[in-house]
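Participant: Structure provided below as structure tokens; questions to follow.
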Amino acid sequence: MPSDSPLPDEAWLNALSSLPDMGPARLRALLADRQPEQAWKVCLQGKPLPEVEAVVGGRLLALTAAWAKAAGQLSVGELWSQLTNHGVQVIGRGHAEYPACLRDDPDPPLVIFAQGDLQALAPAPRVAIVGTRRCTRYGTEVAYELGKTLTAAGVSVVSGLALGIDAAAHAGALAVKAEGQPPVAVVATGLDVIYPKTNRALWRQIAERGLLVSECPLGTTPAPWRFPARNRIIAGLADAVVVVESHEKGGSLYTVDAAIERQRPVFAIPGPIRSPASRGTNQLLADGAIPLCQVSDLLEQLPQGGLFIDEPPPPPVRALLAPQQEQVLEAMGWEPVSLNALADCCGLSPVDLSAALSALVRSGWVTVERGFYERMSNTT
Amino acid sequence: MLAAISSATLLGVRGHPVTVEVHVANGLPAFNVVGLPDTSCREARDRVRAALESSGLAWPNQRITINLAPTGVPKAGAVLDLAMAVGLLVACGEIEPELVKGLAFLGELGLDGSLRPVAGALPLVDAIEEPGVVVALGNQAEATVVGPEILYCVPDLRSLVRALRGDEPWPVVTSIPEEESLEDDPDLAEVRGQRMARFALEVAAAGAHHLLLIGPPGAGKSMLARRLPGLLPDLTQAVALASSRIRSAAGEPLPNSGLLRRPPWRAPHHGASAAALVGGGSMVMRPGEVSLAHGGVLFLDELGEFAPSVLDTLRQPLEDGTVRVSRAFGSAEFPAQVLLVAAMNPCPCGGSGAPGGCRCPESTRARYARRVSGPLLDRFDLRVDVQRPNPLDLLSGDPGESSEQVAERVISARLRAEERGVVANAELSPAMVEQAAALTEEATQLLKAALYAGTLSARGLHRVRKVALTIGDLSGHQGPLNADLIDTALSLRIDPFHPVGHAVG
């Protein structure tokens, strides 16, 4: 292999993780007692290793052969320059920038690909905000507000940049214009594979103003097993995990398991008992998670302490609401409700009801989505 | 040895006069039908021969040629049987040619000589130019609706021949008992709760606005939709005739009176093909469901399960009120003025569709939403959400208004539409909307905001104004449309498939 100057460990790590069917456990087995460069040579020779066999069992020979074939076709130097061109930094476990909180992790990522402001990995309070992709307006709002308040208070928001709660938390963090802590997004694909595509804008903003993190090399497409694996990094990076909304068997519960394993406090946002999107979080509360009703509950628990938050803004004035609007507001409760259901329970004529509702939507008391009306949480 | 008898054939839903020319000559016995007969028309040979013999009449063992003029028009079905039999009898000299002058013959023959009713008697009799028409007894009601100068209804070939020869008087035409409709429309009072959906039904009936009901299975979408025809006024004479003609041509049952007076209700299954929905066929053009529902309600349950290409064929008929079906050998035009009502689930999982309340990922919802094209969705002026009713309403709730009460308001609203020169507000042209649906300053601002926000298209803007006008008509509102009416029209027009926004602020 032609090389003028010796390549750093990270280049070999990158090449190793680019091999087919490579995962964190196999990578750890390969690097058990050898340097990345040695491990690469072992792969290239197609030598079956007992450490790998302990992880993959009977598939050892097929896998080593596949690795040897792929390694023969890959150029480590080329892969390395691709990363540099893409502005992606690679951090191995020995690297100075490797986050301290992951050093004694039970299952640490052996290599981290990062894009953006590496300062975000420096020791600082970090909180993970996670939750379901299929969230309600309540969930998005809480996640957004939480992301915004924590960022403004000097806490870095860590999330997975998925749809729903994750995206709302990141959007809230980015809404803080100055002096906010940079948000960290831990994704489960290569840093050049934007997933889900609808989050493209958010993805770019985080790369510019925060930090994108992944343990997958460039070009890795989404695979179901990578998401729970990604969640352990979220839990590892954060000092506390907040679950905003989760269905009964939601993916966020993997993050919770990982957080418990790493002894990070888990907070859950209480939700309506009839909302399926809150069933998982309410169960977490029953199982002993800390209810998060105000941000100070969380800030007190952070090890660094010394954080403060601004006084919450005064609630909007409820004066000047017409009696019919009051009546509608009373009838609608706090869950999304359809116009038809509202008409049956509030007793107004269809025209009066529509007029009152539209006025409430215009003045910001109520939001409407797909024909479902929901009361805004910041209006009491 | 030559005879020419008048009859008619169906082209789409219209009759077309046909002259049946019969030539009997010496030569090898044969029976040929020429002039574009279809298979069942060609098979007349065997029916006519058996019917003649069963009726005690002689079969000429000669060379018989039957020409169906005009020869360029395709002839379908057995409606020409009777004219062929009478023509043969005239050509053989069994009946004097003068006796059949001024008469046309329509009917299918049985092997025993009985005369069977045919599909499409109404348009067929309508197409006859002769003053007198002979039809089967079973076609009496439909033929009476058209009212030819002389109408003879006969049970079989034998009594026809006797009556023609003057041996017996013509069978007496008895009057037909009046019957209002084929089946009673169910009453709206049976629906508990669902106040907004009932209101949407009322608006749909009053303004002939197309309606989309969205909700989970078991919410009562079909139940609501089935009650819409009962809210509509009786058909006008012209629409009743057109609608009865289509039904007759398609061989669908008609009320005893032969004339459909109540708006029809058609609910094709979602497996329907494009030809079944808008009409078509290769030799015989059959009207589709959209034409069979002319003047009434076309209900498409499970809209999302219809093939998207099939649904899109509905766009043009909905806009123009007619369907023109063209095939290689000709084309036919069917009237198709319908009130379209459709029902669908908000997503494949059948959940409530509420944000956070369904198991479908956003991509599945998006795929489901794509099954109904934007242009078609835009044609539904009213799009309301129907949730499962409150259990308390089901058990103890007061019954709502009856269909009769609502229908009265619908009629008064339609009277106001008539003052504007249309049957219902949905038919108002853009120029007429400007004139009839003026807006207050506040209402203009509302619509502007909706247009700028992208929630309303230019077509949608028009439709919202028409719906607001109908709502005003129903409540006796006078003067320009105010913000309340526009608000109501806008909230009856939800966007069921809008993806959930994940970022606030």
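Participant: Using 1/(1 + (r/R0)^6) with R0 = 25 angstrom and r between the beta carbons of B:SER412 and B:LEU461, what's the FRET efficiency to the nearest 0.05?
Facilitator: In this case the efficiency is close to 0.40.
Participant: Expressed as a whole percent, how much of the Cα-Cα distance distribution for the protein assembly as shown exceeds 36 Å?
Facilitator: 62 percent
Participant: Once amide H atoms are placed 1.01 Å from N in the peptide plane, what residues at a sequence separation of 5 or more from B:THR322, or on another chain, have their amide H within under 5 Å of its amide H?
Facilitator: Amide H to amide H, under 5 Å and 5 or more residues apart or across chains, B:THR322 pairs with B:ALA336.
Participant: Per-residue mean of other chain beta-carbon atoms within 10 angstrom of the beta-carbon, peptide A:135-144?
Facilitator: Per residue, the average neighbour count from other chains is 4.
Participant: Please give the Cα centre distance for region A:1-64 versus region A:98-135, rounded to the nearest Å.
Facilitator: Here the answer is 24 Å between Cα centres.
Participant: Further, regarding this structure: What does the structure give for B:477-488 when I average, per residue, the other chain Cβ atoms found within 10 Å of the residue Cβ?
Facilitator: Mean shielding count: 3.
Participant: Also, quick follow-up: Cα convex hull of region A:101-301: how many Å³ per residue?
Facilitator: Output value, Cα hull per residue: 104 Å³.
Participant: Within a Cβ distance under 9 Å of A:GLU215, other residues only, what is the Lys/Arg minus Asp/Glu net charge?
Facilitator: Summing Lys/Arg as +1 and Asp/Glu as -1 gives +2.
Participant: What is the distance in Å between the Cα centroid of region B:145-166 and that of region A:232-300?
Facilitator: Spelled out, the Cα-based centre of one part sits 87 Å from the other.
Participant: Using label points projected 7 Å from each Cα along Cα→Cβ, tell me how many nm separate A:GLU53 and B:HIS269, to one decimal.
Facilitator: In this crude spin-label approximation the distance works out to 6.2 nm.
Participant: Tell me whether region B:188-491 comes out rounded, prolate or oblate; compute the Cα gyration tensor, take square roots of the eigenvalues as a ≥ b ≥ c, and use a/c under 1.5 as the rounded threshold.
Facilitator: Rounded shape, in that the Cα axes give a/c under 1.5.
Participant: Let me ask another. Please compute P(r) over all alpha-carbon pairs of chain A, binned at 20 Å starting from zero, and give each bin as a whole-number percent.
Facilitator: Values per bin, smallest distances first: 27, 48, 20, 5, 0.
Participant: For region A:323-375, take N as its residue count and report Rg(C-alpha) divided by 2.2 N^0.38 Å.
Facilitator: Against the empirical 2.2 N^0.38 Å value, I get 0.95 for region A:323-375.
Participant: Taking chain A, how many lysine pairs are there with alpha carbons less than 27 Å apart, if each pair must be eight or more places apart or span two chains?
Facilitator: 6
Participant: While we're here: What ranking do B:72-81, A:14-23 get when scored by the average of other Cβ atoms within 10 Å per residue, highest first?
Facilitator: Those peptides, ordered most packed to least, come out B:72-81, A:14-23.
Participant: Collect residues whose amide H, placed 1.01 Å from N in the peptide plane, falls under 5 Å from the amide H of A:ASP239; neighbours closer than 5 in sequence don't count.
Facilitator: It is A:ARG126, A:VAL127, A:ALA128, by chain and number.
Participant: Another question, then. In peptide A:357-366, how many Cβ atoms from other protein chains are near each Cβ within 10 Å, on average?
Facilitator: Counting other chains' Cβ atoms within 10 Å and averaging over A:357-366 gives 2.
Participant: Obtain the nm distance between the two label points defined at B:SER282 and A:SER296 by a simple spin-label model: each point lies 7 Å from its Cα along the Cα-to-C-beta direction.
Facilitator: Reported label-point gap for B:SER282 and A:SER296 is 8.3 nm.
Participant: Answer rounded, prolate or oblate for region B:356-473, using the Cα gyration tensor with square roots of eigenvalues a ≥ b ≥ c: rounded when a/c is under 1.5, else prolate when a/b is larger than b/c, else oblate. Mind dumping the intermediate values first?
Facilitator: Numbers: a/c = 2.10, a/b = 1.14, b/c = 1.84.
The shape class here is oblate.
Participant: Shifting gears a bit: Starting from the Cα gyration tensor of region B:282-356, multiply each eigenvalue by 5, take the square root, and state the resulting semi-axes largest first in whole Å.
Facilitator: Taking √(5λ) for each eigenvalue gives 31, 14, 9 Å, largest first.
Participant: While we're here: Need the C-alpha centroid separation for region B:451-486 versus region B:400-450, integer Å.
Facilitator: 8 Å
Participant: Taking a ≥ b ≥ c as the square roots of the eigenvalues of the Cα gyration tensor of region B:205-265, is the shape rounded (a/c under 1.5), prolate (a/b larger than b/c) or oblate?
Facilitator: Since a/c reaches 1.5 and a/b is larger than b/c, the shape of region B:205-265 is classed as prolate.
Participant: What order do you get for B:432-443, A:358-369, A:174-185 when each peptide is scored by the mean count of other beta carbon atoms within 10 Å, highest first?
Facilitator: A:174-185, A:358-369, B:432-443
Participant: Using bins 5 angstrom wide from zero, how does P(r) for region A:141-253 break down, in % of all Cα pairs?
Facilitator: Once binned at 5 Å, the Cα pair distances of region A:141-253 give 2, 13, 24, 27, 20, 10, 3, 0.
Bear in mind that the values in this text are calculations on the coordinates, not laboratory data. Note that the structure is a prediction, hence the values are computed from the model and not measured. We place every Cβ from the backbone using ideal geometry, glycine too, and count neighbours over all the protein chains shown.
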